[in-house]
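What follows draws every value from the coordinates through simple rules; no lab data is involved. Quick caveat, the model's predicted, so the values are computed rather than measured.
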Amino acid sequence: MAIYFGIIMDFIELVKGMLLSPVETFQKVRKADLGDALKYFMILVVINAVLSVIISLVALSSMWAVYSSIFEGLGIAVPAAAGFGIVVIAILMIFVNLLVLFIAAAWLHLWVYILGGRKGYVETLKAIAYGNTPHLLIGWIPLIGFIGSIWSFVLYILGVRELHEVSTGRAALALILAVVVLLIIIIALAAAFFFALVSSGVMPVNTF
C-alpha cells in the first residue's frame, strides 16, 4: 500500500512540476529512464481515456434521451445507447496513444538531430511524454481542450531544449519543421489521392 501511495505522490509532484515549473522539472527528469517516462505517460493516458468516456457517455445519454422521446412519440422502438462501444474505443485510445508517442518521437527526433540535438531518441520521447501533461489532463474538456494542446506544444519546446541541451530557437524550429513538413506531406498525399480518383473516373469532375 505504501508503494502505491508513493507512486501516486510522485506522479502528482511530476504533474504539478510540469504545469507550474516545467523547466526545473525537465531538468530533474534528465535522469529518468524510458520506463519512468512511459509509466507517467500511461497514467496520463488512462486518466484522459476515463474522463473522455465519462463525457462521451453523458453526451450520448442526453442525445439518446432526446431522440428516444421523439421516436417513441412516433411509435418507433429505439434500442438502448451502446455505451459498451465507447468503452472499447477508450481501450483502443490507450494503445493508439502509446503507438503515436513512439512514432511522433521518432519523427520529431529526426528534426532535433538535424538541428544539433545529440542526446538520443529516448530524450525526445521523454520530452513528448512529459510535455503531454496539459493536453492529456484537460484536452478532454469540450470547448477549452485546445488550450491543453497549445500548452503542451510549448512544453515540447522546453523539453527538447532542456533534455537535448540546445537553444530555444533550435528546439522551436525542430517542432515547427516537424509539424509543417508533416502537414505538407498529408496535403500532398490527399491531393495525389484526389487526382488519382478523378483520373480513374471514380470521382467525375463537373464541367460547366
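Bridging of LYS39 to lysines at a Cα separation below 18 Å is possible for LYS16, LYS28, LYS31, LYS126, once same-chain residues fewer than 8 apart are set aside. Here the extension length gained between PHE194 and MET42 equals 51.0 nm, from 0.36 nm per residue of separation less the Cα-Cα distance.
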